[in-house]
Structures are given as structure tokens and as C-alpha cells.
Amino acid sequence: MNNNTTANPWEVGTDELERSAQEECVKRQRLDRLVSVMVMPGNHCELAIQFARLGARVTVADEPTQQQDIEGRILAAGLRDEITYVPCALPKPPEQPAGEPFDIIFVRRSLCAAPYPEARQVVRQLLRQLKIGGKLYLSVLGMHSALAEGYAGSEQPVEERFTELAPGLAKKYAIHHPVCLYTERNLFTLLLEAGGSVLRTLTTTYGNVKAVAVRV
């Protein structure tokens, strides 16, 4: 286990999963059709803006408290016609959002804020919001990341693993609610149980876990 508490579990910037999703967007654009993408949560709109600049029609789903910030960033980027904000109660996706069904859905970290059984239901709903053949890109906080140091759920099965981080880490990373941390196998199983066909899983340098699944 990586107990390096100086490592950054958020992994800002364009990571491998983001690059993969953007490459998929470009590939679908070459088929002469408009690509529809949903990003949740907004995360300051960086990824949504990148998709829009690739020519995709983008929906950003996030808490209502983030609406003003997100819409301000969309306006500043000059992409008001390409990106739409829709409210949702994370980690649950919005009901019937603009652009559904999607070619690509990208979800980063919000799934960890739900117990495993609830996360499975969320993923099932996300898969239903994809086109047949559409791809779901997921990133979650990992059991082998710095966040696992002192994590009370470390010895629990994933179905029961939902607890707060150690106090020092909760304060450092401003995560003041219970979370479910995942191994790569946990995420693979979650996607299978939700009805997805798993294309790839990986664990990053920082110990976070990522996966790509397709709706079949």
C-alpha cells in the first residue's frame, strides 16, 4: 500500500483516462456525427471545455451550488451553445439530461461518496443513459492511495466499506463525509454487476482506480 501522504489523490490535469475519452470523442467525430458527452461533476469545467473544443455537445452535471461557477466558466470560454449545465444530487446523475443518450459519460470521484450498493445503482443508471456502444469512463479514489492510511474501512468487504477517512487526511483533503475506497478488482466487479462490459481497468501512480466500460 502506498502511504505517501504527500501524493496528490486528485490528479489534476489531463490524465490517461481523460486522454482516452478525448481520443474516443475524436474517433466518433470522424464518423460524421455529433458526439454527445456528459461530464460529472463539473470540476471547474476543464474537461467539459476540452470536449466542446473537439466539437462535442457537452452536458455538465453537478450540484446546484456549483451552477453559477460552471455557467460563468462556460460563458468565459465562449462555449454557451456547446455546453449545457444541468443540476443533480451527486453521486446520482440527472434524470433525462439534455443530450441523452450519450456517446461518452465521464465520472470522476463522486461515486466514492456513496456506499457500494448505491454506487452499483448509479452506474446502472449511467449505463442506461448511454447509447448502445457508448462508453462510461470512471475514476474513483483507491484503497492503495494515500487516503487509505488509517482508513477504518480497510478490512471491510467492499459491500460494507463506507466510513470516514483518518481525521488528518479528511482535513488535509477536505473530505468530511464517509467514502468507499476501491481496489481495481472492486471497480471491475461493480461495473459487471451493473451490467456493463468492462474494456479496461487501471491503477494510477497515486493509487486511484480508473475504468472504461461500454453499454452492450
Check: Quick one: how many residues across region 105-116 are part of a loop (DSSP other than H, G, I, E, B) and surrounded by 19 or more Cβ atoms within 10 Å (Cβ to Cβ)?
Finding: 2
Next item on the list: Residues being over 14 Å from the mean Cα position of the chain (by Cα) and at positive phi: count how many of those fall in region 84-136.
Entry: 3
Next item on the list: Name the one entry in GLY150, GLY195 that is under 30 Å from ASP103 (Cα atoms) and among the small types (Gly, Ala, Ser).
Entry: GLY195
Next item on the list: Take ALA52 and decide whether it is of a type in the set (Gly, Ala, Ser) and surrounded by fewer than 21 Cβ atoms within 10 Å (Cβ to Cβ).
Entry: no
Notebook entry, point to check: Does GLN96 count as under 22 Å from SER139 (Cα atoms) and either free of Cβ contacts under 8 Å to residues at least 12 places away in the same chain or out of contact with any Asp or Glu (no Cβ under 9 Å at 6 or more places or on another chain) (or both)?
Noted result: no
Notebook entry, point to check: Is region 139-151 home to any residue that is surrounded by fewer than 22 Cβ atoms within 10 Å (Cβ to Cβ) and in contact with an Asp or Glu (Cβ under 8 Å, 6 or more places away or on another chain)?
Noted result: no
Margin query: Looking at TYR206 and the list (1) within 20 Å of GLN129 (Cβ to Cβ); (2) assigned to a loop (DSSP other than H, G, I, E, B), which single condition is not satisfied?
Written below: (1)
Item checked: Condition broken by PHE102, with the remaining ones in (1) modelled with pLDDT of 95 or more; (2) surrounded by fewer than 20 Cβ atoms within 10 Å (Cβ to Cβ) satisfied -> (2)
Check: Any chance region 88-105 includes a residue that's of a type in the set (S, T, N, Q) and within 19 Å of THR65 (Cβ to Cβ)?
Finding: no
Check: Only one of these conditions is not met by ASN4: (1) at positive phi; (2) modelled with pLDDT under 95. Which number is it?
Finding: (1)
Note to self: Looking only at region 173-199, filter to residues that are in contact (Cβ under 8 Å) with a residue 24 or more places away in the chain and assigned to a strand (DSSP E or B); which one of those is farthest from PRO115 (Cα to Cα)?
What the structure shows: LEU199
Check: Which condition number in (1) under 17 Å from the mean Cα position of the chain (by Cα); (2) assigned to a helix (DSSP H, G or I) is the one that GLU71 fails?
Finding: (1)
Notebook entry, point to check: Just checking, how many residues over region 76-89 are crowded, with 21+ Cβ neighbours inside 10 Å and either within 16 Å of HIS177 (Cα to Cα) or among the aromatic types (Phe, Trp, Tyr) (or both)?
Noted result: 1
Next item on the list: State whether one or more residues within region 28-44 are part of a helix (DSSP H, G or I), closer than 26 Å to THR205 by Cβ, in contact with a strand residue (DSSP E or B) (Cβ under 8 Å, 6 or more places away or on another chain) and at pLDDT below 95.
Entry: yes
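Quick grid of which residues meet (1) in the same structural domain as GLU46 (by TED's automatic domain parsing); (2) not in a strand (DSSP E or B):
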| position | (1), (2) |
| --- | --- |
| PRO94 | yes, yes |
| GLU100 | yes, yes |
| GLU118 | no, yes |
| VAL123 | no, yes |
| ILE132 | no, no |
| LYS135 | no, no |
| TYR151 | no, yes |
| GLN156 | no, yes |
| ALA170 | no, yes |
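The values are calculated or read from the model by the stated rules, or taken from the named source; none is laboratory data. Keep in mind that this is a model prediction, so the values were computed, not measured. Note that each Cβ is placed from the backbone with ideal geometry, even for glycine, and that neighbours are counted across all protein chains shown.
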